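Each reported figure results from applying straightforward, stated rules to the coordinates on display, with no laboratory input. Only a predicted model underlies this, so the values are computations on that prediction, with no experimental measurement involved. Because the Cβ atoms are built from the backbone with ideal geometry, glycine has one as well, and the counts that use them run over all protein chains shown.
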Amino acid sequence: MGPCSAVIFGQAPSSAFIQGSTFRHVAGHGVTRGWNGTAGPISCLENTFEDVSGCEQTRPWVEGQPCPDPKPPCPED
C-alpha cells in the first residue's frame, strides 16, 4: 500500500475551507486532489506543510498507470 493523504478530495470543493492550517508529521501526502485541472480553492500557499513525507498536494492517480520512478515534482497549481 502506498502513502495515504491527510485529506482526500474526490472533486474540487466549492470554497476554500482549508486555510491557515498546518499539516504536520504526515506519513504520506498532505492533500490528494481527486480531479485534474487547476488547483481550485485549496491552495498550498495558504497552508503550512511540515514534515510531510510526500507531496503537499497531489494530482489524481490514473488507473493502469504505474507510479513514475523517480517521483514527479508536486503540482504547483
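Values computed for the structure shown
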read-out	value
Amide hydrogen neighbours beyond the local backbone of residue 48, cut-off 5 Å, H modeled	21, 22, 23
Spacing of the two label points (7 Å from each Cα toward its C-beta) at residue 21 and residue 53, in nm	2.1 nm
Highest average packing first - 6-15, 20-29, 47-56, Cβ atoms within 10 Å	47-56, 20-29, 6-15
Charge context of residue 23, other residues only, Cβ under 15 angstrom, K/R +1, D/E -1	-2
